[in-house]
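S.K.: Following this message is one structure expressed as structure tokens.
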Amino acid sequence: MKTTSTFVWTSGVGDSSVFGGEERSRRAAVCRVLGLRRPVRSRWWASVGGGQTAPSASRAEGATAVVGDGGAGVATKHAPVHAVDGWPVAASARAQRTVNPIRNLVQQVQLQPNPEKSLIHLSVGDPGATGYVQPPAYAVRAYAEALRSGKHHGYTLSTGAAAARAAVAARYTPPSPAPRLTADDVFLTSGASGALELALSGLLNEGDNVLVPVPGFPLVRTIVESLGATVREYALDADRRWQVETRKLARLVDGRTRAIVVNNPSNPCGSTWTLKHMRSVVAQAYKLRLPILADEVYADMTFKNSRFVSFAAVSEDVPVIVVGGLSKQLAAPGWRLGWVQLHDRGDVLTRSGYRQGLYQLSMRMLIPNAVVQAALPVVIGDAPRHLRAVRALMRKLEPNAQLLMRELEQRAPAVQCIAPQGAMYLMARVDTTGMSGIDNTMDFCRELWREESVSVLPGECFAASGYIRLVFCVSPETLVEAAQRIGAFCARRARA
């Protein structure tokens with residue numbers, strides 16, 4: 001059987017072009033760099049040098065597609081899929097435009113590491129991966145007791161168990177005079193990633209757009225583009241603690257803009273914005289009449305000289321949709337419990353129908369699991385104890401960040417770290433101009449893995465070419481060894 005596929009792409013201004021040989025060659029080259037098994041089919045392609053195109057659909061054996069102008073170059077209509085051996089089966093347009101660059105890189109990498117060296121993973125933000133940090137003992141006991149009780153083997157409400165939602169509301173109600181959260185303002189999800197998907201799905205139609213930070217967590221782009229919407233990037237300034245020039249936000253806004261997405265503390269930057277800067281962002285959001293979607297999954301995960309403040313505590317007039325979860329604070333991403341909080345200033349989110357929309361979307365499936373929901377009132381209900389657990393985690397992570405920066409400064413001058421103020425990541429500029437066989441940070445990461453068995457993420461995953469992201473939630477000994485190998489790699493690659 002012979003099958004052929006044709007890919008029709010739409011640009012950001014609504015015109016279309018055929019995915020031809022030259023474009024295929026460029027994509028194949030990037031796939032080789034990233035070690036991907038399959039072609040990249042997403043607007044993410046633009047962030048790794050592939051132009052400003054966006055996908056519609058692939059068809060088998062002569063199938064065609066009609067691409068309508070959805071207002072921002074989004075595919076909206078498709079002809080019936082032609083059968084393959086009588087089977088009318090093909091990936092949907094939504095599936096094809098869903099690409100997560102980090103997951104592709106981590107899960108589909110084919111490049112083999114150096115077999116003579118142990119693996120060092122500084123690429124994935126999983127605090128529990130190596131065992132260096134563990135969930136607090138009281139939280140583990142609460143989970144175990146909920147399971148042993150035999151009372152939590154059934155379904156909960158689609159929005160989450162009432163007691164668990166009330167616990168989130170009580171723990172994250174902003175200080176007075178802000179209105180108190182109630183259980184009705186909270187929607188429980190499978191992890192903070194699920195919360196992002198729920199929050200964005202309730203906001204966006206095809207052709208809409210949201211403002212997102214760059215460098216930024218790529219899952220936001222993945223979700224937005226999967227929904228047939230687009231992202232509009234606002235730059236973070238590495239020399240100003242990754243702050244945004246708020247006055248420039250207005251230039252990105254049009255009649256289809258639905259929200260400003262913020263991430264504080266930041267993944268990938270490890271930055272924490274000052275209260276003054278947050279107020280500036282909120283003031284601009286008010287002028288633009290845009291809600292703020294605040295990814296605060298790293299809430300309270302700050303270093304000694306920084307302080308976390310929720311956007312919900314800053315805003316008096318702007319509706320704030322907060323995304324959070326247990327995964328990072330408790331070093332337990334596998335527990336898969338996240339939430340959406342609605343801080344509904346002026347009842348805008350209620351009167352617009354957004355709140356009801358989240359309720360309806362939540363009924364697609366009953367998640368997260370009932371056991372972790374049952375444990376949640378114990379895990380976060382005692383706010384001082386919960387905060388002490390987060391502080392204990394940061395007392396291990398902050399010295400690690402300082403150690404990694406110090407070691408890289410001494411051993412790899414071409415890798416210039418930008419000091420974080422929290423979370424578990426730092427970004428580093430990499431000067432590849434003097435490195436033999438290294439043209440960009442994707443090359444750098446690929447060859448570092450191949451030669452030294454050290455994995456870090458290229459900035460291209462975050463729309464930030466020229467940078468790499470490193471995690472520091474591993475043992476100090478591992479960080480020292482990683483810095484030694486990175487230094488040896490840079491020295492070996494230095495042009496004479």
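The values are calculated or read from the model by the stated rules, or taken from the named source; none is laboratory data. These numbers come from a predicted model, not from an experiment. Positions of Cβ are backbone-derived with ideal geometry, glycine not excepted, and every protein chain shown enters the neighbour counts. Ligands, DNA and RNA are excluded from the accessible area calculation, which covers all protein heavy atoms including side chains. Shrake-Rupley method; radii C 1.70, N 1.55, O 1.52, S 1.80 Å.
S.K.: Among the aspartates and glutamates, which have Cα under 20 Å from the Cα of K304 when same-chain residues fewer than 8 positions away are ignored?
M.R.: Answer for K304, where 20 Å is the Cα cut-off: E296, E398, listed by chain and number.
S.K.: Same structure, new question: Compare R279, R180 by solvent-accessible area with a 1.4 Å probe and give them largest first, with all protein chains kept in place. Don't skip to the end; give the middle numbers.
M.R.: Numbers: R279 140, R180 165 Å².
Order by accessible area, largest first: R180, R279.
S.K.: Compute the relative contact order of the stretch 175-258 as a whole-number percentage, counting only Cα pairs closer than 8 Å that sit 6 or more residues apart in sequence.
M.R.: 27
S.K.: Let me ask something else. Explain nothing, just compute: Karplus ³J(HN,Hα) = 6.51 cos²θ - 1.76 cosθ + 1.60, θ = phi - 60°, for every residue of the stretch 150-166 in order, whole Hz, x for Gly and Pro.
M.R.: x, 9, 10, 9, x, 6, 10, 4, 5, 8, x, 4, 4, 5, 5, 5, 5
S.K.: Something else about it: Using the alpha carbon gyration tensor of the stretch 337-496, what are the three equivalent-ellipsoid semi-axes (square root of 5 times each eigenvalue), largest first, in whole Å?
M.R.: 41, 21, 15
S.K.: Something else: Report the extension gain between A488 and A95 in nm, rounded to one decimal, defined as 0.36 nm multiplied by the number of residues separating them, less their alpha carbon distance. Walk me through the numbers before you get to the answer.
M.R.: Numbers: separation 393, 0.36 × 393 = 141.48 nm, distance 4.15 nm.
Additional length available on full extension: 137.3 nm.
S.K.: Go through 234-241, 297-304, 485-492 and give me the packing order, highest mean Cβ count within 10 Å leading.
M.R.: Details: 234-241: 15.1, 297-304: 21.9, 485-492: 19.0.
Most protected by this proxy first, the peptides run 297-304, 485-492, 234-241.
S.K.: Sort 407-418, 221-232 by the packing proxy (mean of other Cβ within 10 Å over each peptide's residues), most packed first.
M.R.: Values: 407-418: 18.3, 221-232: 22.9.
Per-residue Cβ counts within 10 Å, averaged per peptide and sorted highest first, yield 221-232, 407-418.
S.K.: Here's another thing I want to ask about it. Using a 1.4 Å probe on the protein heavy atoms only, what accessible surface does R141 show? Give it in Å² to the nearest 10.
M.R.: 130
S.K.: Name the residues whose placed amide hydrogens come within less than 5 Å of the amide hydrogen of Y234, ignoring near sequence neighbours (fewer than 5 apart) on the same chain.
M.R.: Those lying under 5 Å, H to H, from Y234 are V212, V214.
S.K.: Could you work out the local net charge near N369, counting Lys and Arg as +1, Asp and Glu as -1, over the other residues with Cβ closer than 14 Å to its Cβ?
M.R.: Details: positive: K151, R336; negative: none.
Residues close to N369 contribute a combined charge of +2.
S.K.: Leaving out ligands and nucleic acids, and using a 1.4 Å probe, what accessible area per residue does the stretch 167-323 come to in Å²? Don't skip to the answer; put the middle values down first.
M.R.: On the way: 5690 Å² over 157 residues.
Per residue, the stretch 167-323 has 36 Å² of solvent-accessible surface.
S.K.: Between S118 and E451, with labels modelled 7 Å along Cα→Cβ, what's the label distance in nm to one decimal, could you check?
M.R.: 2.2
S.K.: Using a 1.4 Å probe and counting only protein heavy atoms, arrange S149, S176 so the residue with the most accessible area comes first. Could you put the intermediate results ahead of the total?
M.R.: Details: S149 55, S176 110 Å².
Result, largest first: S176, S149.
S.K.: Still on this structure, please answer the following. Could you please put W242, W449 in sequence from largest to smallest accessible area, using a 1.4 Å probe? List each step's numbers first, then the result.
M.R.: Working: W242 5, W449 35 Å².
Order by accessible area, largest first: W449, W242.
S.K.: Given the pairs K117/K328; K248/K396; K151/K328; K276/K328; K151/K396, which are separated by over 31 angstrom at their Cα positions?
M.R.: Values: K117/K328 29 Å; K248/K396 37 Å; K151/K328 27 Å; K276/K328 26 Å; K151/K396 36 Å.
Too far apart for the 31 Å limit: K248/K396; K151/K396.
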